[in-house]
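Everything below concerns the one structure shown next.
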Amino acid sequence: EAAADGASGTLALAASPNVRAIAWSLTVKGRKGDGSKTWVGNLTLTVSGATARTVFVDPANGDDANPGSETKPLKTLGKALSKARSGDTVKLAGGGYGPTAASGEPIPASGLAVPVGVTIEGALDGGFPVSTLVGTGSGVGLNFAGDATVRNLAIGGTGFGVGMFAKQGTLTFSNIFLGVAAQSAVVDGVALSGGIVLRGTAQATL
């Protein structure tokens, strides 16, 4: 908006609440207040990212059409991970997550994709994790894109060929109970098995 002096003005910008941290180089075009001349300038816009959120999930009482708030939780872990961004915490209510569990959600053979910078936090009962990722005996449970944190989670049922997999990033795991299936999982064309499998540059703190 041009000021009355014709030599200055105000540019107002509003960031979407879903925008990720990023920097843009913008070309800005303006016009003098009297309309006689136009000008072109450059502007660098840096967005540091929106405030971290907590996304709530409840396999028994949630609904994936909900916003994921504490009073209106999502139903599936997969939906929560698809909505989460770096800095967010996915908070799981007690119960089972998987195709044969309360959430009823499919788990791809390559695992549920965990975005970079996301924390998954399960519920506790007497210090024991009561949020369970229920495996069907093969495939991968969680597949990490990079840095992430998981705490208070059980991986049970008949387990997975690989409970948790990463090939990059630094992972932090605490209070994890793992059930490992006898059958292996195929990841990037390689047959693997184990509770936690790290390849490439991935590292973990347990």
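Annotations
- Per residue, the chain exposes an accessible area of 53 Å² to a 1.4 Å probe, with every protein chain left in place.
- Counting only aspartates and glutamates at least 8 places from Lys37 when in the same chain, those with an alpha carbon closer than 18 Å to its own are Glu1, Asp5.
- Distance between modelled label sites at Asn61 and Ser36, nm, 7 Å Cα→Cβ extension: 6.9 nm
- For the range 86-149: rounded, prolate or oblate by the Cα gyration tensor [a/c cutoff 1.5]: oblate
- Under the convention that each Lys and Arg Cβ holds +1 and each Asp and Glu Cβ holds -1, the size of the dipole of the chain around its Cα centre is about 500 debye.
- Within the accessible area of the chain (1.4 Å probe), percent carbon and sulfur: 51 percent
- Global form of the range 54-118, assessed from the alpha-carbon gyration tensor, a/c cut-off 1.5: oblate
The values are calculated or read from the model by the stated rules, or taken from the named source; none is laboratory data. Computed from a predicted structure; not experimentally measured. We place every Cβ from the backbone using ideal geometry, glycine too, and count neighbours over all the protein chains shown. Heavy atoms of the whole protein, side chains included, go into the accessibility calculation; ligands, DNA and RNA do not. Shrake-Rupley method; radii C 1.70, N 1.55, O 1.52, S 1.80 Å.
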